[in-house]
1. Which value in nm describes the separation of the simple spin-label points at Glu109 and Val72, placed 7 Å from the Cα toward the beta carbon?
2. Calculate the spin-label point distance for Phe90 paired with Leu33, positioning each point 7 Å from the Cα along the beta-carbon direction, and give it in nanometres.
3. Comparing Pro45, Pro97, Pro24, which has the greatest mean-square fluctuation in the GNM of the chain with Cα pairs linked when under 10 Å apart?
4. Take every Cα pair under 8 Å in the chain that's 6+ residues apart, average their separations, divide by the length, and report that relative contact order as a whole percent.
5. Quick one: if you stick a label point 7 Å off each Cα along the C-beta vector at Arg120 and Asp3, how many nm between them?
6. Hey, what number do you get for the chain at 222 nm if only DSSP H runs of n ≥ 4 count, each worth -39500 (n - 2.57), divided across all residues, to the nearest 500?
7. In whole Hz, what ³J(HN,Hα) sequence does the stretch 66-83 give by Karplus (6.51, -1.76, 1.60; θ = phi - 60°), x for Gly and Pro?
Amino acid sequence: MSDRMQQEIEEILGKYKRFPLREPLWRRIRRRLSRWFSRFASHLPRITVGRVMLVGVALIIAAYFGFGGKSVTQMALVAGLILFVAAFIFALRRRPPPVEKRWRGQPLEIREPGIGERLRSWWNRWRSRGRTHR
């Protein structure tokens, strides 16, 4: 490297050391909060539909035995019912991803008949039996 380039690089580095670039305040706060939250969240158990349903049942049972005043018991009962019903609905809505059926490494295109097709075939069989017996 030439001496002139070396001198310019040292000059730029010297300016940088005197006046380091700083992140904006909002970005530093957001970064620190995200680090803190990730450390905090890593110690929490994973929230699942089954656990939410279990908490709902526990609240309903606690309200049944009346652990507080009347208003506390009613609030616990309502909260338990809401949690249980919401978790139940989410459990019904969640569907496992479809598994691709394969035979010897090749995907199969097997389609099962729907309820309409089954009813139609039953109706046709039933009607054809009535015609042959007359």
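No value in this document is a laboratory result; all are computed from the given coordinates. Computed from a predicted model, the values in this text were never measured in an experiment. Backbone-built Cβ (ideal geometry, glycine too); neighbour counts: all protein chains shown.
1. Placing both labels 7 Å along Cα→Cβ, they lie 6.5 nm apart.
2. Each label point is offset 7 Å from its Cα along the Cβ direction, giving 2.3 nm.
3. Pro24
4. 16
5. 9.3
6. Computed ellipticity for the chain at 222 nm equals -23500 deg cm²/dmol.
7. x, 7, x, x, 5, 5, 5, 5, 5, 5, 5, 5, 5, 5, x, 5, 4, 4
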